[in-house]
Each structure stands twice: as C-alpha cells, then as structure tokens.
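What follows is a short report on a single structure.
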Amino acid sequence: MQDHPVEECFVYVLGCVGPGRYLTYVGWTLDLDRRLTQHNAGAGARSTRGRTWVLIHSERFTRRQDAMSREWHLKRDRAFRRRLAAKAQGLGV
C-alpha cells in the first residue's frame, strides 16, 4: 500500500445573488482565502466571473483525492446546495 502525502485540502461551496435566484458554485482548493479572492477578482472558473461570491460551506480533507471525490458528489447534490443557499439567504431550513 502506498503512503499518500498529508496535505490540507478543502472543498467549498460559494454563494452569490444572481438575477432572480441564488447561485452556488462548488470547487476544491489548497487555500480557501486565496481561491475566494481569485473567484471575486474574475480569475476563477468562467461561470463565477463577474459576480461577488461568499463562502457558504467548506470541508477539510488530508488527501487531494478525497477532496476531489467530495467535490464531484457535492456538484451533483442539488438538494444540499439548495439548503445551503436558503440558509445563506436567511430563509431557514
């Protein structure tokens, strides 16, 4: 069995008020603050450009593979993201 280097990785969900709805974006990174700054500066993913994002959820992992797997699952879990969006807007859930 191969040892994997331990590193601090994060999966995150960003939220933003969009035209007529609250948008979310899921990603993973090694540095949450730097990545949020990049998204808000227009240097993030194309779908995040031109918006102001806030961090509404994050999870920490010690292996990049685990973070990437969790990101994949969160991108497909629309119910979870809707609950996060409602909570971020103060709608309670």
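Any read-out appearing in this document is the output of simple, stated calculations on the displayed coordinates, not a laboratory observation. Bear in mind that the values here come from a model prediction, so they are computed numbers and not experimental data. Heads up, the Cβs are rebuilt from the backbone with ideal geometry, glycines too, and the neighbour counts pull from every protein chain shown.
Helix 64-76 versus the longest principal axis of the chain: what is the Cα-based angle in degrees, 0 to 90, to the nearest 10?
So the helix axis and the longest Cα principal axis differ by about 30 degrees.
What is the sum of charges around residue 91, taking Lys and Arg as +1, Asp and Glu as -1, for the other residues whose C-beta is under 11 Å from the C-beta of residue 91? Please list the in-between numbers first.
Working: positive: 82, 83, 87; negative: none.
Around residue 91, the surrounding residues sum to +3.
When 36, 30 are ordered from fewest to most other Cβ atoms inside 10 Å of their Cβ, what list results?
Details: 36 19, 30 12.
The order, fewest Cβ neighbours first, is 30, 36.
Under a plain spin-label model, where a point goes 7 Å from the Cα along Cα-to-Cβ, how far apart in nm are residue 58 and residue 33?
0.9
Okay, helix-only estimate at 222 nm for the chain: each DSSP H run of n ≥ 4 adds -39500 (n - 2.57), divide by all residues, round to 500 deg cm²/dmol; what do you get?
The helix-only estimate for the chain comes to -10500 deg cm²/dmol at 222 nm.
Taking the Cβ of residue 39 as the center, what net charge do the other residues with Cβ under 14 Å away carry, scoring Lys and Arg +1 and Asp and Glu -1?
Details: positive: 34, 35, 46, 49, 51; negative: 31, 33.
Local charge sum for residue 39: +3.
Between rounded, prolate and oblate, where does region 14-75 land on the alpha carbon gyration tensor, with a ≥ b ≥ c its root eigenvalues, rounded for a/c under 1.5, else prolate if a/b exceeds b/c? Please report the intermediate quantities before stating the final value.
Numbers: a/c = 2.24, a/b = 1.58, b/c = 1.42.
The shape class here is prolate.
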